[in-house]
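The values are calculated or read from the model by the stated rules, or taken from the named source; none is laboratory data. These numbers were taken from a predicted model, which means no experiment stands behind them. Please note: Cβ atoms are built from the backbone with ideal geometry, for glycine as well, and neighbour counts cover all protein chains shown.
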Amino acid sequence: MKRLSLIFMFLFAGTFIANAQDCCNGFEANFTYHSTQTPHRIEFQNLSSGNSTFIVWNFGDGTTSNGANPDHTYSEPGIYQVCVVIENNDCRSELCYEVAVETANPCNDFLADYLWSVNPSNSLGVQFDNISPSPSNHYIWHFGDGSSSDNQEPYHEYSEGGMYQVCLVLESGDCRSEYCREVCVTAPAPEPPTAANCCDGFEANFNYFSTQTANRIEFQNQSEGDWDFIVWNYGDGTTSNLNSPDHIFPHPGIYQVCVVIESNDGCRSELCYEVPVETTPNPCNDFLADFVWNEHIDSLGIQFENISQGNAGVYIWHFGDGSTSHDQDPYHEYAHPGVYQVCLVVENNDGCRSEYCRSVCVEDFNPCAGFEVSFNWSAGVNNNHRIEFDGLYSGNAQSITWHFGDGSTSDAENPVHEYNQSGMYEVCISADNNEGCHSEYCHTIAVDVTPDPCENFEADFTWVVDLEHGGVHFENLSTGNPTSYTWHFGDDTFSHDQELTHHYSYTGAFQVCLHIENGDGCSAEICQMVYLPSYYFYVSLAVGVNELSTESSLAVYPNPFEDVVRFNEPISGTLQILDVQGRMVVTKQVSAVSSINLSGLKTGLYLMRISDKDLVRTVRVLKQ
C-alpha cells in the first residue's frame, strides 16, 4: 500500500487539467519601428505581451541588443530582417519583420500570423487558423513534431502531450514572412474506472479510541484497497496525512472526523464518524457499526455479516436499491447487477448510534464460477522420463482429459506417463461437468532436460508518482539476478540505474521500458504505460521555494478555500503568498489576525509563509 502526503488532490485535480490555450496564452512577441531624422537610424518599440524575463533583438546586420526599446543605426540602406524574441521559464515567442532602411519595401506589410484552438473532444488535436493580414500564394506550417502542412488552415493531431514550437511561413513573390509561437498540447486524462472493476474492495474505514491524555484521541486506519493518498479531517479545522494518527482536540465536544482515501486509478472512498471528545469516559466510544459481505456465485444474492463493535440492540440495513432490513445478518437478492451503497445503522439502549456505509459490487451470475482445473508434476525417482501428475480440481468434474504433448492421452484423475525421449512437452488438462462448464489448463514441462538458465529471468518494475518531493519513482522488481539495467522513460531519456526517481518536464502518458541482461546471455524487457497527471506540477514543490517546515504548528481552514482563510491561532509578522512558480503575489505585515481575505487571488495552489522573528512557518493552500 502506497502513501503520499499531499493536500486535497481529489478536490482540485479537475481544476488543473489544463487545456492547450492556458499554457502560454497571451504570451506574444510584438513590436513596431519608425525611421528618424538621423540617416539609417531606426527606433524600435517593444509591444510584446506577457511576463517575459528575457528579450533579445536581432537587427539583421549581425548585431543584437537586449534593450527594451532600442534604436539602431545601420551602416547602409537596405532591407533587414529584424526579429525580437521574448522568453520566461515556461514560454517563448518570436516575431520577425523585414525593415526597410531608407528604401521603399513592398513587403513591409506582408506579415504572417495565426491563432489556434484545441479540439474539445480530443485534447491532442489542434485547429490552426491563418489570420495573416496579407494574402499569400504559399503557406508552410511546421508543427514542431517533425511534421508539416501546406494547407492555409490545417488541423493537426499530435501523438503525445507537450510544448511545440509551431511556425507559419508565408511567401508571395519576393515577400516572405515567418511567425512562430509555442503551442501547449495536453494528453487526455485517463479513463475513469469502469463498472467491470467497480473499485471493488476500495473502502475507507477507521476506529478511534480515547486515551489517558485529556482531549487526545487515537485513530486507527482500517481502510481496504490499494490507495495512494489519505487525509484525515478532524472537524476542528486541522488535517493530517498520516496513516493512523493521534490528535489532541482544543476542547471537549462532538467532532465530525472524516477519512478520505484515493488511488491514482480514480477510486475514492470517504467515511465520517461523530467522535465525542470528553473528559469523562463515553459509553459510545467503542460502539461502531461494521459489516462484511459475500456474494453467491449462483445468483445476485449477497450475504451480509454484522461485525459491529459494542452491544447493539437495533440493526437497520439500507441495501442501496430502496429496500431495508432489521435482521442482524441479512441475506439480500438484487434485481440487477451494479454498484450499491449499503449502509448499516446500529443503536442500543444507552443512546449510542453508529453508521457505516460501503460500496458493494453485485456482478452478473456465472454458473461456472469456481470451476477450474490445474495440476502439479514431478519426475520419477529412478526414471526421469516417468512423470507423475497430480490433478487439482475445483468444482464437480464429470469428465477429465489429459494431453501429454506427445500424442498420448488419459482420462485418469492423477495419471502417470512415461515419455520415450527427453524434451519439452506442453501438457494440458481439461474437464467438463453436467452444467455445461468447461475448464482447461496447460503447462510446458521439461522431461530429462537441463534447466534453462534464463527460465526465471524476467523484467518487472513498479512505479509511483511522488507528489510530495517531485518525480516518478521506479522500483525494480526483476528476477534472475540481472547485472545490467536500461530504462527508457518515454521522453527520449534513459538511465542505467537499478532503480531511481525520474523527473519529467511535461505531463501526459509515457511508455516506460526496462531492459535487463546478465552474464549468462539472458535478456528480458517489460514496458508499462506511466501516466503523469496534469495537476502534477501544481502539487509538487515549486522551484525556488524551500521545503515546508516540519516544525510548523500552523493550520488553515477551510482548505481548499473560496475567499477567506482562517488560522488555528492568531498570527503576527510578515505574511507572504507565493504561486507554484515561486513568485511573490502577496506580502504584508499582520498583527494578531485570525483570518485573511484572499478573494483577489486567482484559482490555484499557493504557498503561504508566516515569518515572525526567527520562526518561519509555511503551509500549502488551494484557492477554489
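Filter the strands (runs of 3 or more DSSP E) completely within the stretch 392-480 down to those with at least 1 residues that are among the hydroxyl-bearing types (Ser, Thr, Tyr). Steps first, answer last, please.
Numbers: elements: 399-403, 416-418, 423-432, 438-447, 461-465, 472-476.
Here the list reads 399-403, 423-432, 438-447, 461-465.
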Q.
Quick check on this structure: which one of Ser93, Ser52 is buried (at least 17 other Cβ atoms within 10 Å of the Cβ), at pLDDT 85 or above and part of a strand (DSSP E or B)?
A. Ser93
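Look through the stretch 96-108, keep the residues that are assigned to a loop (DSSP other than H, G, I, E, B) and hydrophobic (A, V, I, L, M, F, W, C), and return whichever of them is modelled with the highest pLDDT.
First, the residues of the stretch 96-108 that are assigned to a loop (DSSP other than H, G, I, E, B): 102-108.
Checking which are hydrophobic (A, V, I, L, M, F, W, C) leaves us with 104, 107.
Numbers: Ala104: 53, Cys107: 71.
Ranking the candidates gives Cys107 first.
Restricting attention to the stretch 134-169, and to residues there that are among the charged types (D, E, K, R) and assigned to a loop (DSSP other than H, G, I, E, B), which single residue is modelled with the lowest pLDDT? First the steps, then the outcome.
Keep residues of the stretch 134-169 that are among the charged types (D, E, K, R), which gives 145, 150, 153, 157, 160.
Filter again for assigned to a loop (DSSP other than H, G, I, E, B), leaving 145, 150, 153, 160.
On the way: Asp145: 90, Asp150: 89, Glu153: 91, Glu160: 85.
Step by step, filter the stretch 134-169, then rank; the result is Glu160.
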**Q.** Of all residues in the stretch 566-593 being surrounded by 12 or more Cβ atoms within 10 Å (Cβ to Cβ) and in contact with a Leu (Cβ under 6 Å, 6 or more places away or on another chain), the one that is modelled with the highest pLDDT
**A.** Val590
Q: Considering every residue within the stretch 442-459, establish whether at least one is within 30 Å of the chain's Cα centre (by Cα) and either over 27 Å from Thr186 (Cα atoms) or outside the structural domain of Gly391 (by TED's automatic domain parsing) (or both).
A: yes
Q) What is the number of the single condition among (1) in the same structural domain as Gly310 (by TED's automatic domain parsing); (2) in contact with a Phe, Trp or Tyr (Cβ under 7 Å, 6 or more places away or on another chain); (3) hydrophobic (A, V, I, L, M, F, W, C); (4) farther than 20 Å from Glu295 by Cβ that Trp377 does not meet? A) (1)
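State whether the residues of the stretch 481-494 include one that is more than 44 Å from the chain's Cα centre (by Cα) and on the phi > 0 side of the Ramachandran plot. Don't jump to the end; show me each part of the working.
Step one: list which residues in the stretch 481-494 are more than 44 Å from the chain's Cα centre (by Cα), which gives none.
No - not one qualifying residue is present in the stretch 481-494.
For every residue, the table says whether it meets (1) at pLDDT 90 or above; (2) assigned to a loop (DSSP other than H, G, I, E, B); (3) surrounded by fewer than 16 Cβ atoms within 10 Å (Cβ to Cβ).
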site: Ser132; (1), (2), (3): no, yes, no
site: Glu171; (1), (2), (3): no, no, no
site: Tyr179; (1), (2), (3): no, no, no
site: Pro188; (1), (2), (3): no, yes, yes
Q | Answer from Asp491, Asp448 - the residue that is among the acidic types (Asp, Glu), surrounded by 13 or more Cβ atoms within 10 Å (Cβ to Cβ) and under 30 Å from Ile387 (Cα atoms) | A | Asp448
Q) Of all residues in the stretch 351-371, which are among the hydrophobic types (A, V, I, L, M, F, W, C), in contact with a Leu (Cβ under 8 Å, 6 or more places away or on another chain) and buried (at least 16 other Cβ atoms within 10 Å of the Cβ)? A) Cys357, Val362
Q | Of the criteria (1) within 15 Å of Phe461 (Cα to Cα); (2) surrounded by 14 or more Cβ atoms within 10 Å (Cβ to Cβ); (3) in contact with a Gly (Cβ under 9 Å, 6 or more places away or on another chain), which one Asn518 fails | A | (1)
Q. If you check Tyr315, Tyr334, which single one turns out to be within 24 Å of Arg268 (Cβ to Cβ), over 34 Å from the mean Cα position of the chain (by Cα), surrounded by 15 or more Cβ atoms within 10 Å (Cβ to Cβ) and in the same structural domain as Ile254 (by TED's automatic domain parsing)?
A. Tyr334
**Q.** Verdict on Ser75 being in contact with a His (Cβ under 8 Å, 6 or more places away or on another chain) and modelled with pLDDT of 75 or more
**A.** yes
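A quick yes/no check of all residues on (1) modelled with pLDDT under 80; (2) touching a Lys or Arg at 6+ places or on another chain (Cβ under 9 Å); (3) closer than 24 Å to Val619 by Cβ; (4) part of a strand (DSSP E or B):
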| site | (1), (2), (3), (4) |
| --- | --- |
| Asn207 | no, no, no, yes |
| Ile217 | no, no, yes, yes |
| Ile230 | no, yes, yes, yes |
| Ser244 | no, no, yes, no |
| His247 | no, yes, yes, yes |
| His251 | no, no, yes, no |
| Tyr255 | no, no, yes, yes |
| Cys258 | no, no, yes, yes |
| Leu271 | no, yes, no, yes |
Q | Subset of the stretch 22-49 [farther than 27 Å from Gly162 by Cα and outside any strand (DSSP E or B)] | A | Thr36, Gln37, Thr38, Pro39, His40, Leu47
Q) Filter the stretch 277-292 for residues that are crowded, with 19+ Cβ neighbours inside 10 Å and within 36 Å of the chain's Cα centre (by Cα); which is nearest to Tyr356 (Cα to Cα)? A) Ala289
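For the stretch 458-481, state whether one or more residues are free of Cβ contacts under 8 Å to residues at least 24 places away in the same chain, more than 13 Å from Ala524 (Cβ to Cβ) and loosely packed, with under 12 Cβ neighbours inside 10 Å. Don't jump to the end; show me each part of the working.
Narrowing the stretch 458-481 to residues free of Cβ contacts under 8 Å to residues at least 24 places away in the same chain: 462, 477, 479.
Next cut, more than 13 Å from Ala524 (Cβ to Cβ) only: 462.
Subset that is loosely packed, with under 12 Cβ neighbours inside 10 Å: none.
Checked against the condition, which is being free of Cβ contacts under 8 Å to residues at least 24 places away in the same chain, more than 13 Å from Ala524 (Cβ to Cβ) and loosely packed, with under 12 Cβ neighbours inside 10 Å, the stretch 458-481 yields no hits at all.
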